[in-house]
Amino acid sequence: MDLVRVTTTLTPESVEAGYREGIFPMADPDFPGITWHRPPMRAIIPLDGFHVSRSLARRMRTARFEITFDRDFEGVMRACAAREPTWITEDLIEVYVALHRAGKAHSVEVRVNGQVAGGVYGVHLGAAFFAESMFHSVTDMSKVALASLVARLRERNFQLLEVQYLTPHLAGLGAIEIPHDEYLVRLRQALDHNHTML
């Protein structure tokens, strides 16, 4: 069980403090509170270990799409929430949009024929990026968004890309699990820096 806290409210300040502490919030449309989680094993993507398959590399070379950053943060977040079940409620959207406006949350958008067809969003503190969720409406566009995020983080010398829970999909892209104590060490080192995303 990774649940460590339940609160009735959520603010940009409490979310930032949670990430700095090594926990993150989730919500449930059928539950009135905010649950805070600290997995005993934390999933990260080593920035030098992101795996681009041959098919994805080919798609990135040949597909016609446009990559943008922070052009439609709320749109990406709402697209990530448009699934059942979802842990992204209106309360979360409001708070993360506020973090985005404060320069502490960012999105990557992948546009195909002018329409956002994939994306990823998350929170940025120091030299750490906490990826929250991603989506696609065109095959592989969430992978393209994540690959673009990794490239940007590497370019800006970030140290940590956290993805919360390991899934087969993320494992196929190079994600690994590390114990929470090790995660905290890496987190503190990353928070000691002050890198920019844009």
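The values are calculated or read from the model by the stated rules, or taken from the named source; none is laboratory data. Computed from a predicted structure; not experimentally measured. Cβ: placed from backbone, ideal geometry, glycine included. Neighbour counts: every protein chain shown.
At a glance:
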item: Residue within the range 152-172 that is buried (at least 17 other Cβ atoms within 10 Å of the Cβ), in a loop (DSSP other than H, G, I, E, B) and among the aromatic types (Phe, Trp, Tyr) present; result: yes
item: Pairs where the first residue, in the range 61-86, is in contact (Cβ under 8 Å) with a residue 12 or more places away in the chain and at positive phi and the second is in a strand (DSSP E or B) and surrounded by 17 or more Cβ atoms within 10 Å (Cβ to Cβ), C-beta under 7 Å, 6+ apart; result: 70/106; 70/107
item: Residue list for the range 108-159, restricted to those being free of Cβ contacts under 8 Å to residues at least 60 places away in the same chain and of a type in the set (Lys, Arg); result: 111, 156
item: Residue list for the range 121-141, filter: at pLDDT below 95 and surrounded by 18 or more Cβ atoms within 10 Å (Cβ to Cβ); result: 140, 141
item: Residue in the range 49-58 that is part of a strand (DSSP E or B) and buried (at least 18 other Cβ atoms within 10 Å of the Cβ) present; result: no
item: Filter result for the condition that a residue is surrounded by 15 or more Cβ atoms within 10 Å (Cβ to Cβ), under 20 Å from residue 151 (Cα atoms) and either without any contact (Cβ under 8 Å) to a residue 12 or more places away in the chain or among the hydrophobic types (A, V, I, L, M, F, W, C) (or both), over 98, 105; result: 105
item: All positions within the range 16-34 that are assigned to a helix (DSSP H, G or I) and of a type in the set (D, E, K, R); result: 16, 20, 21
item: Some residue of the range 85-95 being modelled with pLDDT of 95 or more, surrounded by fewer than 17 Cβ atoms within 10 Å (Cβ to Cβ) and part of a helix (DSSP H, G or I); result: yes
